[in-house]
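J.: Sharing a structure, written as structure tokens. Questions coming.
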Amino acid sequence: MTSIPYVDLIKQNQALRPSILEAVDRVLGHGQFINGPEVNELEEKLARRLGVKDVVGVSSGTSALTLAMRALDIGPGDEVITVSHSYVATASSVSLVGATPVFVDVDRATGLMDPELLAAAISPRTKAVLPVHLGGVPCFMEPIQELCRAHSLHLIEDCAQAIGATYRGRSVGSFGTGCFSLHPLKTLSACGDAGFIATNDPDLAVLLRRLRSLGHRDRDHVDVPSENARLDTLQAAILLAKLPHLDDWIARRSQHAAAYRTALRPFVELTSVTEGSEPAYSAFVIRHDERDALIAHLASRGFEAKVHYPVAIHQQRAFEGTSRAELRHTEALVQRIVSLPVTPELEPSQRDALIEVLIDWSRRHA
């Protein structure tokens, strides 16, 4: 029986092997492994794509979040409002700068930050709001942005899974300070860790470039103590080889998502998409009360499904006791969610075969 993986990194990279190796060889030829020309080129192309003034390449999505908060002077004694239904890096980055994550519940339909709960979560210590565009689906950004303006709060977007997604025709990451991951499992992926920060504030971009490089203003002068969080030139070169394919990859993901929605709507509960958004679909999430049995059945038929994520952040040992609000929808969702394969390497015939297996199982477990 042929096994269909949730994601096939080898297949994607093998298809682009000549251009990737050419990019790597170019870097080996000029030897500028730190802050080489490919880093600047990638930053400029990403900034144009997102419609922002500046992009600052960094070493990972977590570094993007952490450096963004440090640059915005978020630290000990401050609170950042975010969600527990996300990857742990969302809250870890808040803790790493010494601030406190404050969790609000998600909207039941979308599984994303519920803007109606934000006002009640604001305290005198609140410094920022951190929505997460989970699974490549944009949050309901208008009310979140309006609340941040009304209360003079920083808006930091966790776009780790959402490059290419738009809300009302505008790229995610352009509403506030956008933090992106280019991890190998992301829609645009490096061959290792990588990330970037998007901003429309030129002064913030200058500070971020210093913070990513140990606080250096120039070779011999350090303005502030900081970490080494630079984007490797080799990774930037690989990403430049992949970037021209991003639109096609997102289109294929959207085609898979559309097929799933049409076929599965009568049989399983689907996760809603925010009105006015165009998702990038780093994941396609359905819900079922017998989630574990469904995943096991798909595996028995050769299809790998995942859960993003089975343990909410506030349920992790590292964050025990941090939630001061009821997170009823969050705790219910993590028991029922299933991510179906949606990568561009997935063949339509494979997707359709998975749909048939899932529908047959659903009928027998109605």
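Just so you know, all these numbers are worked out from the coordinates, no wet-lab data involved. Computed from a predicted structure; not experimentally measured. Note: ideal-geometry Cβ built from the backbone for every residue, glycine included; neighbour counts use all protein chains shown.
J.: Binning at 10 Å from 0, report for the chain what percent of all alpha-carbon pair distances ends up in each bin.
T.: Spelled out per bin, shortest first, that is 5, 24, 32, 25, 11, 2, 0.
J.: Which whole-Hz ³J(HN,Hα) couplings does the stretch 219-232 yield from phi under the Karplus relation 6.51 cos²θ - 1.76 cosθ + 1.60, θ = phi - 60°, glycine and proline marked x?
T.: 4, 10, 10, 10, 7, 9, x, 8, 9, 9, 9, 6, 7, 5
J.: In bins 5 Å wide, starting from 0, what share of all Cα pairs of the stretch 1-160 does each bin hold, as a percent?
T.: Cα pair-distance distribution for the stretch 1-160, in percent: 2, 8, 14, 15, 16, 14, 11, 9, 7, 4, 1, 0.
J.: Viscosity 0.692 mPa s, temperature 37 °C: what is the translational diffusion coefficient of the stretch 245-364 from Stokes-Einstein with a Kirkwood Rh over Cα pairs, rounded to a whole number of µm²/s?
T.: After rounding, the answer is 210 µm²/s.
J.: Using θ = phi - 60° and the Karplus form 6.51 cos²θ - 1.76 cosθ + 1.60, what ³J(HN,Hα) does each residue of the stretch 345-361 get, whole Hz, x for Gly and Pro?
T.: 6, 6, 6, x, 5, 5, 4, 5, 5, 4, 4, 4, 5, 5, 5, 4, 5
J.: Can you give the longest run of the chain that contains no GluC sites (Glu not before Pro) sitting in a DSSP loop with at most 12 other Cβ atoms inside 10 Å?
T.: 1-274
J.: ARG324 versus ALA296, label points 7 Å from Cα toward the beta carbon: distance in nm?
T.: 4.2
J.: List the extent of the Cα atoms of the stretch 293-332 along each of their three principal axes, largest first, rounded to whole Å.
T.: 42, 20, 12
J.: Let me ask something else. Would you mind calculating the gained length between SER349 and GLN316 on full extension (0.36 nm times residue separation, minus the Cα-Cα distance), in nm to one decimal?
T.: Using 0.36 nm per residue and subtracting the Cα-Cα distance, I get 8.0 nm.
J.: Relative to the compact globular guide of 2.2 N^0.38 Å, what is the alpha carbon radius of gyration of the stretch 240-281, as a ratio?
T.: With N residues counted in the stretch 240-281, Rg over 2.2 N^0.38 Å equals 1.41.
J.: Output wanted: per-residue J couplings in Hz (rounded whole) for the stretch 102-112, from phi through Karplus 6.51 cos²θ - 1.76 cosθ + 1.60, θ = phi - 60°, x for Gly and Pro.
T.: So the Karplus estimates, Gly and Pro as x, are 10, 8, 10, 6, 9, 5, 4, 6, 9, x, 10 Hz.
J.: Follow-up question, since we're still on this one. If you keep only loop residues by DSSP, which trypsin sites (Lys or Arg not before Pro) in the stretch 35-141 have at most 12 other Cβ atoms within 10 Å of their Cβ?
T.: Values: sites: LYS45, ARG48, ARG49, LYS53, ARG70, ARG108, ARG125, LYS127; in loops: LYS53, ARG108, ARG125.
When the trypsin sites (Lys or Arg not before Pro) of the stretch 35-141 are filtered for loop state and at most 12 Cβ neighbours within 10 Å, ARG125 remain.
J.: Could I ask something else about it? What are the extents of the Cα atoms of the stretch 138-236 along their three principal axes, in Å, largest first?
T.: Largest to smallest, the principal-axis extents are 45, 34, 17 Å.
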